[in-house]
Amino acid sequence: MSLQESSIIVTNPRSIRLANSSLTNETETMTPRESTRNRVYDCFAPPGPLGIVIDTSQEGPIIHSMKTTSPLLGLINQGDLIVGLDGIDTRSMTAATLTRLMAK
């Protein structure tokens, strides 16, 4: 694991494309948000600190955790795979590479 725990601060609004995690046991009651599991969706990150911790996984950068003050809280989930940033495929990037790209 290679956690990117430094504060991720973006200077311009960013379009982040994510793939839902499938961490929840299928027998649990699912909310409408959880029923979209394994789908790709877009989220727009505002300028400023994002309050997320990104990890490197075999599939690409993944949301490891989020602060309770994150502006993305409720829009993305722990375990979601970051598959794109502003139209760039990020699946082969490490957490550190993605973080540097987000800060540009």
Residue pairs qualifying under the 9 Å Cβ cut-off, at least six apart or on distinct chains, with the first in the range 57-73 being within 21 Å of Gly84 (Cβ to Cβ) and the second being among the basic types (Lys, Arg) and open to solvent by 40 Å² or more (accessible area, probe 1.4 Å), are Glu59/Arg91; Gly60/Arg91; Pro61/Arg91; Leu73/Lys67
The residue that is nearest to Ser15 (Cα to Cα), considering only those in the range 58-86 that are open to solvent by 10 Å² or more (accessible area, probe 1.4 Å) and among the acidic types (Asp, Glu), is Asp86
- Message: Being open to solvent by 50 Å² or more (accessible area, probe 1.4 Å), among the aliphatic types (A, V, I, L, M) and either at pLDDT below 90 or part of a loop (DSSP other than H, G, I, E, B) (or both): is that true of Met1 here?
- Response: yes
- Message: Being in a loop (DSSP other than H, G, I, E, B), open to solvent by less than 50 Å² (accessible area, probe 1.4 Å) and at pLDDT below 90: is that true of Thr24 here?
- Response: yes
Every listed condition ((1) at pLDDT 90 or above; (2) surrounded by 12 or more Cβ atoms within 10 Å (Cβ to Cβ)) holds for Arg17 save (1)
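The values are calculated or read from the model by the stated rules, or taken from the named source; none is laboratory data. Every value quoted in this text rests on a predicted model; they were computed, and no experiment measured them. Methodologically, a virtual Cβ is constructed for each residue, glycine included, from the backbone with ideal geometry; neighbour enumeration extends over all protein chains shown. Surface accessibility is based on the protein's heavy atoms, side chains included, excluding ligands, DNA and RNA. Shrake-Rupley method; radii C 1.70, N 1.55, O 1.52, S 1.80 Å.
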